[in-house]
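Take a look at the structure below.
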Amino acid sequence: MDGEPRARSRTILILGGARSGKSDYAQSLAAKFSEEVLFVATATGQDEEMAERIALHRARRPQGWRTLEAPVGVAAALRGHLRCHDVVLMDCLTLLAANLLLQYEQRPDLAEAALMAELDEILALCENAQAVLIVVSNEVGMGVVPAYPLGRYYRDILGRANQRLAGRADHVLLLIAGLPVDIKALAHDFPLQWD
């Protein structure tokens, strides 16, 4: 890697619902940028079904990619690993938010503050390293309002985190049935005309 040009720093947010193709699309995009990909996994195998999902995700990753497992403390885990990688793929912000909310279950305001601080530090680290950052996240605010307070906090915290990241991202892609739509590009070009 020494002496070779690095990829231009940029941030890409990939949003979508469950089984929309976010992870597969993010991996194919990361592979187009570089062979030197650092995959940041935020999932934890808390039960057998989740452990099977994690194993399937691992099996689909290219062999040369390095995996960094960080259910919380992603920014701290990233330090020291960015020198050798052109691309950081974090899958996913959704689980990072859930992990932090469970850590601060009695104080959702602290969970949100911790999540926003994590995001800001991850963005700064990747920008300073001139690494491409690809973040996968779910769009959870388009469905039924959760019936319990913690679920509503989660929906709100993740929605605000997605907004914050979208505001700083170069591209925001919405995956629908495996098809990407660059919604940030559409937002900039959308003509508002009032009669």
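The values are calculated or read from the model by the stated rules, or taken from the named source; none is laboratory data. What you see is a predicted model; the values in this text were computed from it and never measured. We place every Cβ from the backbone using ideal geometry, glycine too, and count neighbours over all the protein chains shown. Just the protein is used for accessible areas: all its heavy atoms, side chains included, with ligands, DNA and RNA removed. Shrake-Rupley method; radii C 1.70, N 1.55, O 1.52, S 1.80 Å.
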Open item on the list: Test of understanding: given the chain, find the longest segment containing no trypsin sites (Lys or Arg not before Pro) that are in a DSSP loop and have at most 13 other Cβ atoms within 10 Å.
Closed with: 80-195
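List the relative contact order of the range 87-183 as a percent without decimals, with contacts defined as Cα pairs under 8 Å and 6+ residues apart.
Relative contact order for the range 87-183 comes out at 30 percent.
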Open item on the list: Can you show me the helix-derived [θ] at 222 nm for the chain, built from DSSP H runs with n ≥ 4 at -39,500 (n - 2.57) apiece and divided by the number of residues, rounded to the nearest 500.
Closed with: -14500 deg cm²/dmol
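Probe radius 1.4 Å, ligands and nucleic acids ignored: give me the carbon and sulfur share of the accessible area of the range 25-159 as a rounded percent.
Details: 3550 of 6750 Å².
Answer for the range 25-159 is 53 percent, counting heavy atoms of protein chains only.
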Task: the chain, relative contact order [Cα under 8 Å, separation at least 6], % - done: 34 percent
Task: Phi to ³J(HN,Hα) by Karplus 6.51 cos²θ - 1.76 cosθ + 1.60 over the range 174-181, Hz, x for Gly, Pro - done: 9, 9, 10, 6, x, 9, x, 10
Task: Most mobile of VAL72, VAL144, VAL181 in a GNM of the chain (Cα contacts under 10 Å) - done: VAL144
Task: Antiparallel bridges, percent of DSSP beta bridges restricted to the chain (to nearest 5) - done: 15 percent
TODO: Starting from the range 53-158, pick out the GluC sites (Glu not before Pro) whose DSSP state is loop and whose Cβ has at most 13 other Cβ atoms within 10 Å.
DONE: GLU105
Task: Max mean-square fluctuation residue, GNM over the chain, Cα-Cα springs under 10 Å, options PRO149, PRO108, PRO180 - done: PRO149
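Taking the Cβ of PRO146 as the center, what net charge do the other residues with Cβ under 9 Å away carry, scoring Lys and Arg +1 and Asp and Glu -1?
Counting the neighbours of PRO146, the net charge comes to +2.
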Open item on the list: Keeping every protein chain present and rolling a 1.4 Å probe, give me the accessible area per residue for the chain in Å².
Closed with: 56 Å²
Task: Top of ILE176, ILE12, ILE157 by mean-square fluctuation, Gaussian network on the chain, Cα under 10 Å - done: ILE176
Task: Calculated FRET value between LEU110 and SER28, using beta carbons and R₀ = 35 Å, to 0.05 - done: 0.45
